[in-house]
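Notes follow once the structure below has been shown.
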Amino acid sequence: MSQIIIIGNGIAGTTVARHVRKRNDQPITIISGESDYFFSRTALMYIYMGHMKYEHTKPYEDDFWKKNEIQLRRGLVERVVPAEKQIYLKNGETMKYDKLVIATGSVYQTFGWPGQNLQGVQGLFSLQDLELMERNTKSVKRAVIVGGGLIGIEMAEMLISRGIHVTFLVREKSYWNNILPAEESDMINRHIRAHHVDLRLNTELQEIRGNDKGRVDAVVTKSGEVIPCEFVGLTAGVKPNIEFLRTSGIPLNRGVLVNQFLETPIADIYAAGDCAEFIEPKPAHPKIEQLWYTGRMQGEALARVLTGERQAYDRGIWFNSAKFFDIEYQTYGVVPNVPRDGEEHLWWEHPDGQHGIRIVFRKDNRIVIGFNLMGIRYRQNVCQRWIKESRTIDYVLQNLGEANCDPEFFMQYESHIIAEYNRRYPAQNLLLQVQRGLHFIVR
């Protein structure tokens, strides 16, 4: 029976292994240079903040892998030679494969900034990055974070939790405004500052300066301002972790090039997760999907392909979630940061500035195509069903309570957004028909 080797034990690689095992008894080996066992990468920040221990982040008991006859190997792959169907590890070992899955995830980006290799300067993606951050922030009083994405705000929350003063440099005029519409982005700007983070918008890094011991002691912005600090977090995005494949002959661009079946152009070599780049992505879909849930979905799809069910990967209706300090964010469907032709955006924000709902619908047929929820929880299956069933804005607003899944005693805001809709469209005069948790007509 053919041997499957999986490089990488993150969400994509381990999902491939688990779902292949559910289908047959092929020998499976997972190789990882990061950790002995799969862990939840999204929980790294909570380890640093003291909310969890590392062992709490492992979804499976350590003997799960042995019971399921999935071999785990700790080691770094140095190169792959497809002509030999062989991989070479840095410790000198070699391994033969029949089918090879590349699921090596991402690494954080650097852009050649002067001083980026000083002690006390780092990004955050891997378990080793977290361990380094523990050492680098010991006794630190001031930190600077460079880059305004999701990892940047997570790192800010981590540092603030230890009483470290944070200056947050964001190149754009508003936080994450390449993804969030202006109102949501401005809400997060205010929220970041409310947590005593020194948020600097329209600010770019020029260089990082060090002391005579080789440790960072300041950053200089492009405007010439010198900001003293003892730690610098580099959070200006991530990139596929594929440098070890440069000499392999496997077609690469930003990531490992794959088709919709997650197959590379070389026979018996596949890729999934953050490191995979679609040669021909579906319309409006990115070439590289660097999300936890898409890694899992790609792993499930590739397991089907590896076991003979050659079915194209389809992530379905887009969704994502994140947390900006205390504000939870959910998005479903299509919500561009700037309204496109033919779209209407209905936005409502509570006066407290921490709760908001955006519903995007088409002007011509009034069909809803997307939701943004800020500080409010809606059921994923309900939002996605409404989008899939092409429900109109009138139907969705009248039934909003069906989607709300906030705890019982939380405020409900559905009537507020309907009031906003009626103010903009007085002829409609809609009423809420379904309350949270109560699937009956209330009028």
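Determine ³J(HN,Hα), in whole Hz, for all residues of the stretch 247-258 in sequence, where each value follows from phi through the Karplus function 6.51 cos²θ - 1.76 cosθ + 1.60 and θ = phi - 60°; x replaces Gly and Pro.
9, 7, x, 6, x, 10, 10, 6, x, 7, 6, 9
Taking only DSSP H segments of four or more residues, each worth -39500 (n - 2.57), what value at 222 nm results for the chain once the sum is divided by all its residues, to the nearest 500 deg cm²/dmol?
After summing the helix terms and dividing by the residues of the chain, the value is -6500 deg cm²/dmol.
Using the Cα centre of the chain as the reference point, and only Cβ charges (+1 on K/R, -1 on D/E), how large is the resulting charge dipole? Debye, rounded to the nearest 20.
320
I'd like to know which of Leu234, His56, Thr29 lies farthest towards the positive end of the charge dipole of the chain, counting +1 on Cβ of Lys and Arg and -1 on Cβ of Asp and Glu.
Of the listed residues, the answer is Thr29.
Mind checking the dipole of the stretch 188-253: about its Cα centre, +1 per Lys or Arg Cβ, -1 per Asp or Glu Cβ, Debye to the nearest 20?
With Lys and Arg at +1 and Asp and Glu at -1, about 220 debye.
So which trypsin sites (Lys or Arg not before Pro) in the stretch 18-90 end up in coil per DSSP with only 15 or fewer other C-beta atoms within 10 Å?
Lys53, Lys90
Within the set Lys22/Lys96; Lys53/Lys173; Lys67/Lys282; Lys173/Lys388; Lys53/Lys239, which residue pairs have Cα atoms separated by over 32 Å?
Result: Lys53/Lys173; Lys67/Lys282; Lys173/Lys388 exceed 32 Å.
Compute the distance in nm between two label points, each set 7 Å from the Cα along the Cα-to-Cβ direction, one at Thr307 and one at Thr94.
Going from the Thr307 label point to the Thr94 one covers 3.2 nm.
Please express the shape of the stretch 316-389 as an equivalent ellipsoid: the semi-axes are the square roots of 5 times the eigenvalues of the C-alpha gyration tensor, given largest first in whole angstrom.
21, 15, 10
Counting DSSP beta bridges in the chain, what percent are antiparallel, to the nearest 5?
Of the beta bridges lying entirely in the chain, close to 60 percent run antiparallel.
When only alpha-carbon atoms count, how far does the stretch 118-271 stretch along each of its three principal axes, as whole angstroms with the largest first?
53, 44, 29
Carbon-plus-sulfur fraction of the accessible area of the stretch 143-222, 1.4 Å probe, in percent?
44
Divide, for the stretch 46-92, the radius of gyration over alpha carbons by 2.2 N^0.38 Å, where N is the residue count.
1.73
Rounded to whole Hz and in sequence order, give me ³J(HN,Hα) for the stretch 401-411 from the Karplus expression 6.51 cos²θ - 1.76 cosθ + 1.60, θ = phi - 60°, writing x for Gly and Pro.
For the stretch 401-411, the Karplus curve yields x, 5, 7, 5, 10, 5, x, 3, 9, 6, 4 Hz.
Tell me, what is the per residue accessible area of the stretch 38-142 in Å², probe radius 1.4 Å?
55
Over the Cα atoms, compute the radius of gyration (one decimal) and Dmax (the largest Cα-Cα distance, rounded to a whole number) for the stretch 28-170, in Å.
Cα-based Rg and Dmax for the stretch 28-170 come out at 18.3, 54 Å.
Averaging over all projection directions, find the projected area of the Cα convex hull of the stretch 309-443 and quote it in nm² with one decimal place.
10.4
Here are several values of Kirkwood radius over Cα pairs in Å: [x] 24.0; [y] 25.9; [z] 25.2. Which one was derived from the coordinates shown?
For Kirkwood radius over Cα pairs in Å, the calculated option is [x].
The values are calculated or read from the model by the stated rules, or taken from the named source; none is laboratory data. No experiment lies behind these values; they were computed from the predicted model shown. Reconstructed Cβ throughout: ideal geometry from the backbone, glycine too, with neighbour counts over all protein chains shown. Accessible surface is based on the protein model in full, side chains and every heavy atom, while ligands, DNA and RNA are left aside. Shrake-Rupley method; radii C 1.70, N 1.55, O 1.52, S 1.80 Å.
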